[in-house]
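The values are calculated or read from the model by the stated rules, or taken from the named source; none is laboratory data. Model, not experiment: these values are computed from the prediction. Please note: Cβ atoms are built from the backbone with ideal geometry, for glycine as well, and neighbour counts cover all protein chains shown.
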Amino acid sequence: MPQPMRQTQRVPRTCMQCARRKIKCSKKIPCEECIRRGDTVACKREIVRVHGKVTVAVDEETRIDDSDAESNLVRENISLKTRIRQLESVLSRPETLKLDADIFRLSPAAGNPQSSDKILNDFQSLPFGLLVEASQIGIGAKRLCGSLWIISDGFIVL
């Protein structure tokens with residue numbers, strides 16, 4: 001037969017193990033004393049009846065951390081959706097799709113000044129917003145425009 005629920009004026013914030021042992025509780029779940037004892041599974045708060053309602057205390061810090069994490073995820077989700085929309089709109093424009101295939105087959109032997117200027121002009125017309133740090137590109141890279149680089153091996157990096 002289960003014990004009847006205790007009726008009280010306040011929700012207990014101390015875990016049941018610390019209350020039973022009559023020791024100071026850090027009032028977190030799991031509390032520092034239960035962690036020190038290695039008994040984190042048994043670290044629970046008592047469920048009581050306060051003013052006729054069944055209640056149990058909730059960690060204030062946990063609730064704040066969860067809401068911060070949730071708001072960060074919502075912001076990140078919105079920024080990713082915006083970025084996807086921007087990239088989809090760039091790809092849906094016909095002028096962005098008529099790039100010559102030789103742009104992507106750049107080699108040191110085929111790289112003459114006219115083709116480099118053509119590549120530069122073609123890529124300057126594209127509305128890319130990708131960011132790459134110069135330290136990630138490497139030595140010997142030539143900046144075409146904005147975040148577009150040609151590496152000495154003939155690769156194009158956005």
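Tabulated data
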{"read-out": "Residue within region 34-42 that is within 31 Å of the chain's Cα centre (by Cα), modelled with pLDDT of 85 or more, in the same structural domain as PRO12 (by TED's automatic domain parsing) and surrounded by 10 or more Cβ atoms within 10 Å (Cβ to Cβ) present", "value": "yes"}
{"read-out": "Positions within region 13-43 being out of contact with any strand residue (DSSP E or B) (no Cβ under 6 Å at 6 or more places or on another chain) and part of a loop (DSSP other than H, G, I, E, B), in sequence order", "value": "ARG13, THR14, LYS22, ILE23, LYS24, SER26, LYS27, LYS28, ILE29, PRO30, GLY38, ASP39"}
{"read-out": "Within region 1-12, tally of residues that are buried (at least 16 other Cβ atoms within 10 Å of the Cβ) and basic (Lys, Arg)", "value": "0"}
